[in-house]
1. Looking at B:200, B:209, B:151, which is the one that is more than 27 Å from residue B:11 (Cα to Cα) and in contact with a helix residue (DSSP H, G or I) (Cβ under 6 Å, 6 or more places away or on another chain)?
2. Which numbered condition trips up residue A:98, out of (1) assigned to a loop (DSSP other than H, G, I, E, B); (2) more than 13 Å from every other protein chain (Cβ to nearest Cβ)?
3. So residue B:278 clears everything in (1) polar (S, T, N, Q); (2) touching a Pro at 6+ places or on another chain (Cβ under 6 Å); (3) closer than 23 Å to residue B:440 by Cα except one condition, right? Which one?
4. Yes or no: region A:41-57 includes at least one residue that is modelled with pLDDT under 90, under 19 Å from residue A:81 (Cβ atoms), part of a helix (DSSP H, G or I) and not acidic (Asp, Glu).
5. Do we find that residue B:24 is within 30 Å of residue B:494 (Cα to Cα), of a type in the set (Phe, Trp, Tyr) and in a helix (DSSP H, G or I) in this structure?
6. Does residue B:594 fit the bill of being over 35 Å from the mean Cα position of the chain (by Cα) and either within 14 Å of another protein chain (Cβ to nearest Cβ) or modelled with pLDDT of 85 or more (or both)?
7. Can you name the condition, by its number, that residue A:47 falls short on among (1) more than 13 Å from the chain's Cα centre (by Cα); (2) without any contact (Cβ under 8 Å) to a residue 12 or more places away in the chain?
8. Could you say whether any residue in region B:220-240 is over 19 Å from residue B:182 (Cα atoms) and part of a loop (DSSP other than H, G, I, E, B)?
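The values are calculated or read from the model by the stated rules, or taken from the named source; none is laboratory data. Everything quoted here is computed from the prediction, not taken from an experiment. Because the Cβ atoms are built from the backbone with ideal geometry, glycine has one as well, and the counts that use them run over all protein chains shown.
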Amino acid sequence: MSIPISYYLVLSAVLFGLGVVAFVFKRNIITIFMSIELMLNAVNLAFVAFARAHNQLDGLVFVFFVIVVAAAEAAVGLAIIIMLAQNRQSLNVERVNQLKF
Amino acid sequence: MFILDHLWIILALPLAGAAINGLFGKRWPQTAVNSVAVGSVTLAFLAVAELVREFSQLTPDQIPFVGNYFTWMVAGPFKVDFALQVDQLTVVMLLTVSFVGMLIHVYSTGYMAHEGGYYRFFSYLNLFMFFMLTLVMAANLIVMFVGWEGVGLCSYLLIGFWFLKKSAADAGKKAFIVTRIGDFGFTVGVLLVFATFQSVDFGTIFKSVSQNAPAEAILTTICILLFTGAIGKSAQLPLYVWLPDAMEGPTPVSALIHAATMVTAGVYMVARMNPLFSRAPVAMLVVAIVGAVTAFYSATIGLVQTDIKKVLAYSTVSQLGYMFLACGVGAYATGIFHLMTHAFFKGLLFLAAGSVIHAMGGEQDMMKMGGLRTKIPVTYWTMFIATLAIAGIPGFAGFFSKDAILEAAKSGPNANPVLWLLGVVGAGLTSFYMFRLVFLTFFGKPRYDEHKVHVHESPKNMTVPLIILAFLSIFGGWFAAPKLVGGIDYFEKFLAPVFSAYAPQVAEPAVIIAEPAASPAVELVHALTGWPVIVGVLGLFVAWWFYIKNPDAPKRLAQSVRGLYTLLLNKYYVDEIYAALIVRPLLWISTNVLWHVVDEGAIDGVVNGSARVARESGGELRKLQSGNERSYATWIIIGAVGFTCLLLVLWGKR
């Protein structure tokens with residue numbers, strides 16, 4: 001007897017929700033970055049679960065795409081974070097608010 | 001048959017003159033401007049003369065001769081051709097307009113010689129000739145309307161020729177706006193003509209009305225609406241107020257436009273539309289009443305004016321009234337006859353008045369003239385002849401036409417004794433105020449400073465037109481002379497085809513001729529001792545008694561009837577009444593309602609309001625751009641959640 005798909009989906013939703021909450025409430029830019037990764041992986045989990053439940057490969061292929069995009073994002077994002085840390089001597093996003101009206 | 005086949009040449013000549021002078025005249029010397037302006041009008045007159053020669057060779061069934069050049073506009077059944085036509089009425093008008101116009105162009109080269117904007121003046125004057133000739137040659141109401149409005153435009157431009165002078169600019173505006181009131185009626189009349197006859201072409205309308213006349217009420221409405229246009233254009237009661245003010249323009253303009261030609265356009269139009277008017281007796285009566293009352297009314301104002309041009313202006317209004325009286329009692333040919341003789345003697349009076357003003361160095365007040373008889377003899381003699389003509393002294397042009405009008409009002413088919421009486425009294429007043437003008441100007445002792453004013457006779461190019469017009473003022477009416485001895489009125493006979501072709505069928509053929517003809521001598525004596533002649537001579541003697549025999553009498557008379565005198569001097573306060581009843585309420589509404597409420601409130605409100613909404617909503621919305629990354633994320637999440645909920649709701653319904 002296999003584990004029902006709803007279990008996977010609930011876990012995925014909980015992880016995604018945690019990611020969202022962390023994204024909104026955390027101030028440390030690295031933590032925010034990590035919360036994004038958390039949300040992406042929650043979605044990956046949902047993809048894998050659906051792929052297995054429907055016995056199709058589409059979801060698995062999508063997961064690879066997501067991992068590739070996340071890797072690219074990490075490369076660019078970390079470079080931006082390093083520049084910010086050098087310029088502002090801080091990782092607090094509250095102090096990165098120059099781009100407004 | 002060259003000109004008949006190319007009627008447009010007559011129009012093209014003055015138009016070309018106007019264009020050439022208007023475009024290039026500014027840098028040219030006066031002689032070049034002169035030769036273009038006078039040359040083009042002279043060529044136009046020669047073309048008209050050639051036209052008359054060719055016209056006389058046409059057979060009666062070829063008249064009216066129509067030249068159709070191109071289709072101007074088509075909209076369903078509404079079709080307008082650019083078409084010109086020539087019949088006897090057109091011929092008379094063409095000759096009068098082009099000949100008097102030519103003389104006045106020549107005169108203007110002298111009168112305007114020292115004025116600025118010389119080329120501009122002649123460009124306008126040529127343009128006027130173009131529009132006036134279009135008006136009289138038009139073969140349908142729309143082309144006629146083009147000429148009608150065009151002459152109005154030129155009138156406006158020329159009244160306001162000295163546009164730096166506020167009174168001149170105002171007078172131009174007044175003329176334009178007041179005639180526009182009449183033109184509104186005219187436009188509606190033209191539309192009603194089209195709605196009734198499905199055509200605006202004269203030939204078609206007249207054929208239709210004579211074969212299958214619509215209800216009399218419709219015809220009456222059409223005629224009264226068309227006549228409204230004539231009231232505005234020809235300065236009749238109650239829209240006459242613009243003409244006296246139009247005297248702000250240069251004097252040759254007053255002579256050409258505001259005496260000889262343009263203001264007679266209304267009379268011409270009524271005569272042209274005679275098949276319609278003849279079938280609308282009520283409208284005819286209106287025309288006759290307006291004409292007779294105007295003739296009398298403005299003659300009374302003329303009695304006390306002291307500005308030489310104002311007297312002539314009121315006189316013009318009065319004489320136009322006589323023309324309408326003639327048309328109103330069905331004597332169209334007589335009305336046109338008076339139109340022609342009036343063009344001669346009134347044109348002459350204005351030109352002579354211009355010569356007097358020129359001699360006096362710009363003075364127009366007759367109270368500051370006097371004794372000019374010997375100093376400017378040519379002007380004096382020509383003006384005296386014109387005065388005899390307008391007063392209806394036997395032998396002069398005005399006698400034949402005015403006598404015929406009053407005769408028609410007394411014993412014609414639509415005779416009316418009250419209108420006849422108004423006409424006769426008006427004729428007496430005319431004679432009085434015209435001789436008053438002559439006596440005040442040329443007789444008595446000089447009332448100006450002889451050391452300051454250097455009185456001099458005008459140059460040749462001004463006096464020669466005066467002499468030619470004086471000649472016409474004497475002999476221009478002699479076409480009708482045989483009638484005095486029981487013969488034929490050649491003028492009436494010439495025009496008869498125009499006015500009888502579509503005349504309504506009279507149940508009993510009018511055999512007025514059946515009256516046994518008296519012997520020529522008796523007829524002559526009868527004509528020379530009629531009331532018009534008696535009042536004319538009476539006017540002369542009263543004026544002589546007042547202004548030569550007893551120069552103090554006018555003042556004493558004015559003292560004794562002070563109320564009447566002030567009333568007349570202030571022109572019955574009509575301008576003030578119009579100002580109080582129409583102009584000021586309109587101004588008040590414009591300022592307080594249209595300006596402050598509608599314009600500033602509604603229109604500006606909408607425009608400014610939409611701008612304010614955009615600006616203030618932008619001002620509020622930009623605060624969302626806090627630069628705070630987490631707030632952006634929150635908005636994205638709220639959006640995503642909202643969108644998901646929406647999708648769920650929509651999917652849930654399926």
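1. Result of the check over B:200, B:209, B:151: B:209.
2. The number of the failed condition is (2).
3. Status for residue B:278: all satisfied but (3).
4. no
5. No, not satisfied.
6. Criteria not met by residue B:594.
7. Checking residue A:47 against (1) more than 13 Å from the chain's Cα centre (by Cα); (2) without any contact (Cβ under 8 Å) to a residue 12 or more places away in the chain, the one that fails is (2).
8. No, there is no match, as no residue in region B:220-240 is over 19 Å from residue B:182 (Cα atoms) and part of a loop (DSSP other than H, G, I, E, B).
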